[in-house]
Amino acid sequence: MNKILFSAVLFVSASYPVLAAADTLTQFFQKSKISGQVRSYYFSRLYGAANVPNQDSFALGGLLDIKTAPFLGGFGVGVSFYTANDLGTHGYSPSTVDTTMMGLTPSLNALGQAYIQYAKPGQLLVRAGDQIINTPWMNNSDARILPATYQALFAQYSPLPGVKLEALREFRWKSRTSPNYYKDNLYYGTGYSGDPIYGGVQKLLSSAPQAQGTLAFGASTAIVGAKAQVWYYDFYHFAKMFYGSGSYTLKTATGIDPFVGAQFVREWENNSLLNSRMGAQPVDNIIGNTVNGSAWGVQVGANFDIVPTILGKGQLTWSYNEIVPHVGAIGGGAIVSPYTIGYATDPLYTTSMIRGLVEMGPGDGWKVKWIQNILHKQFLWMAAFARYHTYYSGNSNDVYVDLTYFPGGMFKGLSIRDRMEVANGGLVHDAPLNPGNKTFVYNRVMLTYLF
C-alpha cells in the first residue's frame, strides 16, 4: 500500500509541470497513454511416472500501464499495476498445483513498474525505478500471468543510426510469482527473505547472503541485413559474463532470404556464492568451487514468403549449441544465469519451452524449428524438435507445437494460444530430468486481450 501511495504521489508531482504548461487539462490527458492486457492462462503438467500427481493451474489477470505525456523537454513517468487471481481453482493440495504460474497464493497483486525517465526519441533514454528490462540474460521472462521486472537504473544512447549503447545497474527484482522486490534471484529458494519465488533451481541455503544485483553494459548495431551485439554482465558474487552474437540475412528478392547466426558466452568468477565451499548445493550434481563456463552456437535458416495468399511469411531454422565442460568448475562448467535458469528464457538458440542446456549443464544440443503465418496472419504456427546430449543430465529430446489464433475485426487485440511440449529422456538414476524418468507433457492455454 505504501508503494502504491508513493507511486501516486510521484505520478501527480511529476505531472504537475505538464499541467501548468499545458493549455488545458484535456491536452495533457490526450498526450498521456493508458494501455494494458487481460490474461487468462491454464497450465497443465502431465507426468508419465507412477505415484507422481499431475499438476495444473489457472489464473485470470491483468496488466495496466500508465505513461504521462513528456514534460520539461523529455521527462516522463510510468506506472504499471499487475494482478492475478486463481478464482478458487487451486484447491487444497499444493502437490497438484503448478506453482510456476502464480505460486500458491489465491491472488497476486504487484506494482510492477514505477519509474521516472528522460527521453529524446531515437537518441537517449535514461530511466530510474521499477521497470521491465529486455537484455539477452536479463529479461521479462513473460510466459506467465505476470512478467519479471527489475528495480534498476537504465540508460540507452544512440550515437549513430543503427547503433545502441546500453548500461544498467540492477538492485532488486520481482520474479513472476512475487508481489514485491527482493534481493535474490533464481538460485535462492522459495521463501527466502519472505519472497514467494517459484520456478527457479534452489542451490543456496536460507542463510545465504542477499544478492547484490547486477551491473551490465551492451552495444548493438543493425546495418544492411547484419546484426550484432556484445554484452558484459557482472552478476555480483555469482558470475561475470561476456556474451556476443551476430547474424546476417541475405536479401534475394526471390521470396527466400537465407541467414546465418553465431553466438558465444564466456563466464568466470572465483568467489561465487554458488561455490561448494560457501555451502551451496552442487549444480547439476557436480561439486565445484569456481565459475568457468564457455558456450557457443551457430544457426542457419531462411525467411520465406513464397505463397502469400495461403501461408504468408515463415521461417525455418537449424541451430546448434555447446557448453564446454571444465573440470573443477561449478556444474562441471555450467553457465550461471541468475535471472533465466529454471525459466528457460536464456538466448541460446537451442533452448526449449521447458528447459535448455543452461538448465542441464555441459553438453551439446541441436534444434530444428518452423514458424509459419497462415491465412493473412490470422494464425501463427510454430513447431520444433530439440535433441540434447549432456555430460551430467544424460540424453533427452523435446517436441514442441504452438498455435496462436488472432480473430481480428471486432476482436482486434485478442489472441488464443496453445503451447505444448513433450519431454523425454535424461538420466535414469540420481536426478532425472523428468519425474520417474518418464514422459513429461506440459500444455499451456493462453488467452490475451491487448487494449
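Only residues that are touching a residue at least 40 places away in the same chain (Cβ under 8 Å), among the aliphatic types (A, V, I, L, M) and open to solvent by less than 50 Å² (accessible area, probe 1.4 Å): list them for the stretch 315-342, please. If you could, list the steps in order and put the result at the bottom.
First, the residues of the stretch 315-342 that are touching a residue at least 40 places away in the same chain (Cβ under 8 Å): 315-323, 325, 328-342.
Restricting the remaining residues to those that are among the aliphatic types (A, V, I, L, M) gives 316, 323, 329-330, 334-336, 341.
Residues satisfying the conditions are Ile323, Ala329, Ile330, Ala334, Ile335, Val336, Ile341.
So Leu348 ticks every box in (1) free of Cβ contacts under 8 Å to residues at least 60 places away in the same chain; (2) within 24 Å of Gly199 (Cα to Cα) but one. Which box is left unticked?
All conditions are met except number (1).
Which residue pairs have Cβ atoms under 6 Å apart, sit 6 or more places apart or on different chains, and have a first residue in the stretch 282-294 that is under 8 Å from Ala329 (Cα atoms) and a second that is among the polar types (S, T, N, Q) and open to solvent by less than 40 Å² (accessible area, probe 1.4 Å)?
Ile287/Ser276; Asn289/Asn275; Asn289/Ser276; Val291/Ser272
Quickly run through the stretch 59-79 and pick out the residues that are part of a loop (DSSP other than H, G, I, E, B) and more than 21 Å from Gln37 (Cβ to Cβ). So that I can check it myself, show each step before the final result.
The initial filter retains those residues of the stretch 59-79 that are part of a loop (DSSP other than H, G, I, E, B), namely 68-70, 72-74.
Passing the criteria: Ala69, Pro70, Leu72, Gly73, Gly74.
Looking at (1) open to solvent by 60 Å² or more (accessible area, probe 1.4 Å); (2) part of a loop (DSSP other than H, G, I, E, B); (3) among the polar types (S, T, N, Q); (4) at negative phi, which is the only condition Asn51 fails?
(4)
The conditions are (1) within 30 Å of Lys438 (Cα to Cα); (2) crowded, with 16+ Cβ neighbours inside 10 Å; (3) at pLDDT 95 or above, and Arg39 fails exactly one of them. Which is it?
For Arg39, the failing item is (1).
In a strand (DSSP E or B) and open to solvent by 70 Å² or more (accessible area, probe 1.4 Å): does that describe Trp268?
Details: in a strand (DSSP E or B): yes; open to solvent by 70 Å² or more (accessible area, probe 1.4 Å): yes.
In short, yes.
Only one residue in Thr254, Thr290, Thr249 is β-branched (Val, Ile, Thr), open to solvent by less than 50 Å² (accessible area, probe 1.4 Å) and within 30 Å of Phe379 (Cβ to Cβ). Which one?
Thr249
Could you grab me the full set of residues in the stretch 408-449 that are of a type in the set (Gly, Ala, Ser), farther than 18 Å from Ala143 by Cα and touching a strand residue (DSSP E or B) at 6+ places or on another chain (Cβ under 6 Å)?
Start the filter on the stretch 408-449 by keeping residues that are of a type in the set (Gly, Ala, Ser), which leaves 408-409, 413, 415, 423, 425-426, 431, 436.
Narrowing the set further to residues that are farther than 18 Å from Ala143 by Cα leaves 408-409, 423, 425-426, 431, 436.
Once the filter is applied, which keeps residues that are of a type in the set (Gly, Ala, Ser), farther than 18 Å from Ala143 by Cα and touching a strand residue (DSSP E or B) at 6+ places or on another chain (Cβ under 6 Å), the stretch 408-449 yields Ala423, Gly425, Gly426.
Given (1) open to solvent by less than 30 Å² (accessible area, probe 1.4 Å); (2) of a type outside the set (Val, Ile, Thr); (3) touching a residue at least 60 places away in the same chain (Cβ under 8 Å); (4) in a loop (DSSP other than H, G, I, E, B), where does Arg444 come up short, assuming only one miss?
Tallying (1) open to solvent by less than 30 Å² (accessible area, probe 1.4 Å); (2) of a type outside the set (Val, Ile, Thr); (3) touching a residue at least 60 places away in the same chain (Cβ under 8 Å); (4) in a loop (DSSP other than H, G, I, E, B), Arg444 fails exactly one: (4).
Would you point out the residue of the stretch 410-423, among those that are open to solvent by 50 Å² or more (accessible area, probe 1.4 Å) and of a type outside the set (Asp, Glu), that is farthest from Gln378 (Cα to Cα)? Even if it seems obvious, please write down each step before you answer.
Narrowing the stretch 410-423 to residues open to solvent by 50 Å² or more (accessible area, probe 1.4 Å): 410-412, 416-418, 420.
Checking the rest, the ones that are also of a type outside the set (Asp, Glu) come to 410-412, 416-417, 420.
Working: Met410: 14, Phe411: 12, Lys412: 11, Ile416: 11, Arg417: 12, Met420: 20 Å.
Residue satisfying both the conditions and the ranking: Met420.
Between Leu111, Leu64, Leu146, Leu125, which is of a type in the set (A, V, I, L, M, F, W, C) and open to solvent by 40 Å² or more (accessible area, probe 1.4 Å)? Steps first, please.
Values: Leu111 fails: open to solvent by 40 Å² or more (accessible area, probe 1.4 Å); Leu146 fails: open to solvent by 40 Å² or more (accessible area, probe 1.4 Å); Leu125 fails: open to solvent by 40 Å² or more (accessible area, probe 1.4 Å).
So the residue among Leu111, Leu64, Leu146, Leu125 that is of a type in the set (A, V, I, L, M, F, W, C) and open to solvent by 40 Å² or more (accessible area, probe 1.4 Å) is Leu64.
I want to confirm something. Restricting to the stretch 96-108 and keeping residues that are assigned to a loop (DSSP other than H, G, I, E, B) and in contact with a Pro (Cβ under 8 Å, 6 or more places away or on another chain), which single residue is least open to solvent (accessible area, probe 1.4 Å)? Show your work before the answer.
The initial filter retains those residues of the stretch 96-108 that are assigned to a loop (DSSP other than H, G, I, E, B), namely 98-106.
Those left that are additionally in contact with a Pro (Cβ under 8 Å, 6 or more places away or on another chain): 103-105.
Values: Gly103: 2, Leu104: 76, Thr105: 51 Å².
So, considering only residues that are assigned to a loop (DSSP other than H, G, I, E, B) and in contact with a Pro (Cβ under 8 Å, 6 or more places away or on another chain), the one least open to solvent (accessible area, probe 1.4 Å) is Gly103.
Residues checked against (1) over 30 Å from Asn285 (Cα atoms); (2) among the polar types (S, T, N, Q); (3) under 22 Å from the mean Cα position of the chain (by Cα):
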site: Phe406; (1), (2), (3): yes, no, no
site: Asp418; (1), (2), (3): yes, no, yes
site: Ala423; (1), (2), (3): no, no, yes
site: Gly436; (1), (2), (3): no, no, no
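Any idea how many residues of the stretch 153-177 are touching a residue at least 60 places away in the same chain (Cβ under 8 Å) and crowded, with 22+ Cβ neighbours inside 10 Å? Even if it seems obvious, please write down each step before you answer.
Applying the first criterion (touching a residue at least 60 places away in the same chain (Cβ under 8 Å)) to the stretch 153-177 yields 162, 173-174, 176-177.
From the residues that got through so far, the ones that are crowded, with 22+ Cβ neighbours inside 10 Å too are 173-174, 176-177.
The qualifying residues number 4.
Could you tell me whether any residue of the stretch 376-387 is in a loop (DSSP other than H, G, I, E, B) and among the small types (Gly, Ala, Ser)? Spell out how you get there, then give the answer.
Pass one, the stretch 376-387, residues in a loop (DSSP other than H, G, I, E, B): 376-378.
Those left that are additionally among the small types (Gly, Ala, Ser): none.
Scanning the stretch 376-387 turns up no residue that is in a loop (DSSP other than H, G, I, E, B) and among the small types (Gly, Ala, Ser).
When Leu450 is evaluated against the numbered criteria (1) surrounded by 20 or more Cβ atoms within 10 Å (Cβ to Cβ); (2) more than 16 Å from Arg45 (Cβ to Cβ); (3) at pLDDT 95 or above, which criterion, by number, is the only one it fails?
Here Leu450 clears every test but (1).
Which condition number in (1) open to solvent by less than 40 Å² (accessible area, probe 1.4 Å); (2) not in a strand (DSSP E or B) is the one that Gly261 fails?
(2)
On the phi > 0 side of the Ramachandran plot and either of a type in the set (Asp, Glu) or in contact (Cβ under 8 Å) with a residue 24 or more places away in the chain (or both): which single residue out of Gly194, Gly199, Gly218 fits that description? If you could, list the steps in order and put the result at the bottom.
Details: Gly194 fails: either of a type in the set (Asp, Glu) or in contact (Cβ under 8 Å) with a residue 24 or more places away in the chain (or both); Gly218 fails: on the phi > 0 side of the Ramachandran plot.
After ruling out the rest, the residue left standing is Gly199.
Give me the pairs, please: first residue somewhere in the stretch 128-146 and over 16 Å from Thr177 (Cα atoms), second residue anywhere and assigned to a loop (DSSP other than H, G, I, E, B) and aromatic (Phe, Trp, Tyr), beta-carbon distance under 6 Å, and either six or more positions apart or on two chains.
Met138/Tyr339
The values are calculated or read from the model by the stated rules, or taken from the named source; none is laboratory data. No experiment lies behind these values; they were computed from the predicted model shown. Neighbour counts run over all protein chains shown; Cβ positions are idealised from the backbone, glycine included. To get the accessible areas, we keep the full protein, side chains included, count just its heavy atoms, and leave off ligands, DNA and RNA. Shrake-Rupley method; radii C 1.70, N 1.55, O 1.52, S 1.80 Å.
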